[in-house]
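Beneath this line is the structure, given in structure tokens, with notes to follow.
The values are calculated or read from the model by the stated rules, or taken from the named source; none is laboratory data. Keep in mind it's a predicted model, so treat the numbers as computed, not measured. Counting neighbours? That spans all protein chains shown, and the Cβs are built from the backbone with ideal geometry, glycine included.
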Amino acid sequence: MKIFCIGRNYVDHALELNNPIPKSPIIFMKPPTAILAEGKPFYHPEFSKNIHFELELVLKIKKNGKSIQPEFASSYYDQVALGIDFTARDLQDTCKEKGHPWEIAKAFDHSAVIGPFFSIDEVKSADGSIHFELLKNGQTVQSGSSDQMIFDFDSLIVHISKYFTLQQGDLIYTGTPAGVGKIEIGDKLVGKIAEREGLHCEIK
């Protein structure tokens with residue numbers, strides 16, 4: 001299983017971090033050891049003082065494909081989940097300043113929370129978009145919709161498959177909307193997708 005992640009895929013999120021709006025998808029990856037599933041708690045690591053939550057829609061690839069053409073992209077997925085891309089922002093900033101890769105800030109153990117998968121038909125609204133939000137200790141901190149993405153699902157499938165063979169079971173974290181913020185020990189995070197609970201994670 002490969003875990004692909006897309007950076008800066010919502011305009012407001014790019015702006016809140018003072019980053020330029022990308023002209024093509026920004027891809028990075030996480031290893032399978034990053035997965036944190038089944039509502040298990042996230043234990044705050046000692047190597048960072050500033051870990052941020054980033055709620056995302058996550059696609060599951062359902063069949064193998066390479067160099068996928070736009071007209072076929074939608075046939076490669078039919079399920080979506082909520083995920084959190086935990087980011088050690090302090091480590092990431094240091095790596096960027098030095099011009100270093102920033103896997104240690106994004107791909108560390110349990111940095112990819114994942115909830116249960118839903119059929120896209122179950123959770124999409126009448127206009128085809130998927131709405132989602134994150135509550136931190138009962139307060140909404142992030143709210144987004146798939147129609148706000150700079151690069152939609154099909155575009156991501158096409159772009160990623162130019163460089164990597166997509167295989168059944170691969171995951172694509174499709175980017176986070178604005179509102180990312182710091183986690184603290186004791187926080188309770190709940191993600192909702194189309195008004196349904198799609199994720200929960202306690203910080204310990």
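Of all residues being of a type outside the set (Gly, Ala, Ser) and assigned to a helix (DSSP H, G or I) in region 74-90, which is surrounded by the most Cβ atoms within 10 Å (Cβ to Cβ)? Just the residue, please.
Per the criteria, the residue is Tyr76.
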Of (1) within 17 Å of the chain's Cα centre (by Cα); (2) hydroxyl-bearing (Ser, Thr, Tyr); (3) within 22 Å of Ser155 (Cβ to Cβ); (4) modelled with pLDDT of 95 or more, Tyr76 satisfies all except one. Which?
(1)
Assess whether Val190 counts as being assigned to a strand (DSSP E or B) and within 27 Å of Pro22 (Cα to Cα).
no
Which numbered condition trips up Cys95, out of (1) out of contact with any helix residue (DSSP H, G or I) (no Cβ under 7 Å at 6 or more places or on another chain); (2) surrounded by fewer than 21 Cβ atoms within 10 Å (Cβ to Cβ)?
(1)
Please find, within region 27-39, the residue that is nearest to Gly186 (Cα to Cα) out of those that are touching a Cys at 6+ places or on another chain (Cβ under 9 Å) and surrounded by 14 or more Cβ atoms within 10 Å (Cβ to Cβ).
Leu36
From the list Ile104, Ile130, Ile120, which residue is more than 18 Å from Pro177 (Cα to Cα) and either of a type in the set (Asp, Glu) or touching a helix residue (DSSP H, G or I) at 6+ places or on another chain (Cβ under 6 Å) (or both)?
Ile104
Expected single match for in contact (Cβ under 8 Å) with a residue 40 or more places away in the chain, over 20 Å from Ile51 (Cβ atoms) and either surrounded by 18 or more Cβ atoms within 10 Å (Cβ to Cβ) or not basic (Lys, Arg) (or both) among Thr176, Thr165 is Thr165
Checking Ser67, Ser24 in turn, the sole residue that is at positive phi and either modelled with pLDDT of 95 or more or surrounded by fewer than 13 Cβ atoms within 10 Å (Cβ to Cβ) (or both) turns out to be Ser67
Members of region 136-159 that are within 23 Å of Ile26 (Cα to Cα) and either in a helix (DSSP H, G or I) or among the aliphatic types (A, V, I, L, M) (or both)
Ser146, Asp147, Gln148, Met149, Ile150, Phe153, Asp154, Ser155, Leu156, Ile157, Val158, His159
For region 152-171, what are the residues that are in contact with a helix residue (DSSP H, G or I) (Cβ under 6 Å, 6 or more places away or on another chain) and among the hydrophobic types (A, V, I, L, M, F, W, C)?
Ile157, Val158
If Asp12 satisfies all but one of (1) surrounded by fewer than 17 Cβ atoms within 10 Å (Cβ to Cβ); (2) part of a strand (DSSP E or B), what's the number of the condition it fails?
(2)
Go through region 91-135 and give me each residue that's among the charged types (D, E, K, R), more than 17 Å from the chain's Cα centre (by Cα) and assigned to a helix (DSSP H, G or I).
Asp93, Lys96, Glu97, Lys98, Asp121, Glu122
